[in-house]
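Structure first, commentary second.
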Amino acid sequence: MPLPTAQLNIDFSHVTGVIRPLHGVNLGPLMMNGWLDVSSIYKELAFPLTRLHDCPYAIPETVDIHSIFPIFDSDPDDPGNYRFAMTDDYIQAILDTGSQIVYRLGETIEHYTRRRYHVHPPKDFAKWATICVNIIRHYREGWANGFHHNIRYWEIWNEPMVQPQCWTGTMQQYYELYETTSKAIKTHDPSLMVGGPANCYGRPEWDFIEHCRKTGAPLDFYSWHIYARDPIEIVDQARQHRNALDSAGFKHTETHLNEWNLLPSEGWLFNSPEKNPDCIRRACEEIGGITGAAFDAATLIYMQDLPIDVANFYWVRDSFWGILDQYGAKRKNYFAFNAFRTMLDTANRVMTTPNDAETGYAVLAGRGDGPSANVLLANFRARNADFKLTISSWPWQDAAVCRCYLLDYDRNLTLTREIRLDVDNHTVDLCMPAPAFCLLRIAPT
């Protein structure tokens with residue numbers, strides 16, 4: 001027995017707010033030690049914020065504390081003891097694309113099995129905090145032949161709960177490092193936004209939140225990560241983290257989902273010690289293929305209604321988690337970000353049938369300041385394949401044409417239909433089995 005058609009309504013006369021640019025990313029446009037530069041993709045997709053974590057995967061000796069200040073026993077107030085040049089150029093390449101920065105103060109994850117090199121607790125927390133403040137001075141205040149970049153967000157470490165790959169100390173040591181460093185940064189410049197802990201527990205990091213509450217450690221933003229099999233996991237966790245902050249009195253603390261992506265159907269098996277090549281290949285293909293593309297499109301839509309202030313996809317760069325392959329060519333999941341970027345051209349969000357992640361599909365619609373409108377409909381896992389969109393009150397008097405661009409197994413946002421909309425016809429019927437998504441572009445004839 002066929003399933004009923006999903007009935008979706010879009011009212012372009014009812015503006016409900018703005019479509020938020022929550023399509024930030026991790027890592028900049030320079031890759032492969034500078035050989036590959038995809039700045040044109042960054043400009044095309046207009047990423048609002050780029051988080052600086054794991055940057056040495058792309059350009060070695062950048063961003064990490066040990067790369068910038070290599071000899072910890074040296075004088076932190078002597079500019080000669082810092083190596084800023086490579087990170088200077090890396091940051092400038094990001095800023096040149098129009099993106100702003102979230103600077104992660106800490107170290108890149110280490111997957112080495114023989115030993116860990118740089119992810120240990122600093123020998124002197126106060127000195128480490130001074131080094132962080134001087135890095136801030138370099139990029140914001142011109143210190144040490146530096147710059148006056150408007151970098152607001154400063155994140156302290158990454159995923160200290162992932163041990164020993166990210167942190168070899170105890171969680172209590174991390175809390176103390178965060179407290180010392182956040183207070184030093186805010187003392188230096190109260191206008192800066194400091195945060196952490198880049199939580200990936202899958203639940204709120206209550207002990208960290210409580211430590212900040214008891215010690216008065218500044219917490220301007222709370223960062224968390226998730227690699228999910230279904231967008232509904234992101235919906236649930238976003239609400240959990242917000243509720244945890246509110247219940248502890250941090251009602252004005254921003255929430256940053258600054259790592260997110262699809263978790264392949266085989267879970268983290270690709271990351272097992274054996275590193276089975278076939279499993280890695282399957283995971284890579286799933287993330288960058290049709291499943292990842294539909295997941296990304298649905299997630300970008302759902303996030304519009306979630307208590308998330310900043311989001312950063314992990315990552316753009318070549319292969320595996322990225323939206324580009326090892327040659328810099330576009331993978332299928334690239335087109336989810338391309339479609340979402342198009343939605344920002346009509347950023348006045350209008351009323352639609354409410355989204356419910358339980359259904360497996362999601363819809364987002366917006367109108368421009370002129371006679372233009374866009375609709376993004378993602379079907380990640382809904383059993384329904386048939387959708388009927390009833391469109392009312394488009395923002396012009398004459399008839400309109402609706403162009404349907406479809407992404408499915410065979411197409412990458414390919415124009416498949418043109419539908420005339422007038423007084424007697426204001427519906428669009430779509431057959432779109434999961435996983436897939438479509439972009440509808442509506443304009444006057």
So, of the residues in region 321-332 that are buried (at least 21 other Cβ atoms within 10 Å of the Cβ) and in contact with a strand residue (DSSP E or B) (Cβ under 8 Å, 6 or more places away or on another chain), which turns out to be farthest from D37 (Cα to Cα)?
K332
So I59 passes all but one of these: (1) free of Cβ contacts under 8 Å to residues at least 60 places away in the same chain; (2) not assigned by TED's automatic domain parsing to the domain that holds F147. Which condition number does it fail?
(2)
Checking the condition acidic (D, E) and free of Cβ contacts under 8 Å to residues at least 24 places away in the same chain, which residue from E141, E110, E159 passes?
E141
Check on R51, assigned to a strand (DSSP E or B), modelled with pLDDT of 95 or more and in the same structural domain as G196 (by TED's automatic domain parsing)
yes
For region 146-179, enumerate the residues that are part of a helix (DSSP H, G or I) and either crowded, with 20+ Cβ neighbours inside 10 Å or not assigned by TED's automatic domain parsing to the domain that holds T253 (or both).
Y174, Y175, L177, Y178, E179
In region 136-178, the residues that are of a type in the set (A, V, I, L, M), under 15 Å from F69 (Cα atoms) and more than 25 Å from the chain's Cα centre (by Cα)
A144
Criterion: touching a helix residue (DSSP H, G or I) at 6+ places or on another chain (Cβ under 7 Å) and surrounded by fewer than 20 Cβ atoms within 10 Å (Cβ to Cβ) - qualifying residue of D246, D207
D207
Subset of region 111-139 (residues that are part of a loop (DSSP other than H, G, I, E, B) and buried (at least 16 other Cβ atoms within 10 Å of the Cβ)):
R116, V119, P121, P122
Could you tell me whether L257 is buried (at least 22 other Cβ atoms within 10 Å of the Cβ) and not in a helix (DSSP H, G or I)?
yes
For the subset of region 96-135 comprising residues that are of a type in the set (A, V, I, L, M) and more than 29 Å from N271 (Cβ to Cβ), which member is nearest to the chain's Cα centre (by Cα)?
I135
Look through D398, D369 and report the one residue that is assigned to a loop (DSSP other than H, G, I, E, B) and either in contact with a helix residue (DSSP H, G or I) (Cβ under 6 Å, 6 or more places away or on another chain) or touching a residue at least 40 places away in the same chain (Cβ under 8 Å) (or both).
D398
The residue that is surrounded by the fewest Cβ atoms within 10 Å (Cβ to Cβ), considering only those in region 267-300 that are aliphatic (A, V, I, L, M) and without any contact (Cβ under 8 Å) to a residue 60 or more places away in the chain, is L269
Among (1) under 14 Å from the mean Cα position of the chain (by Cα); (2) buried (at least 24 other Cβ atoms within 10 Å of the Cβ); (3) not aromatic (F, W, Y), the one test that M303 misses
(2)
Subset tally (residues that are within 25 Å of the chain's Cα centre (by Cα) and among the basic types (K, R)) for region 338-391:
4
Condition first: closer than 16 Å to I10 by Cα, out of contact with any helix residue (DSSP H, G or I) (no Cβ under 6 Å at 6 or more places or on another chain) and basic (K, R). Can you find one or more residues in region 413-431 that meet it?
no
Any residue at all in region 374-385 that is assigned to a loop (DSSP other than H, G, I, E, B), aliphatic (A, V, I, L, M) and within 17 Å of L439 (Cα to Cα)?
yes
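The values are calculated or read from the model by the stated rules, or taken from the named source; none is laboratory data. Owing to the predicted nature of the structure, the values given are computational and were not obtained by experimental measurement. Positions of Cβ are backbone-derived with ideal geometry, glycine not excepted, and every protein chain shown enters the neighbour counts.
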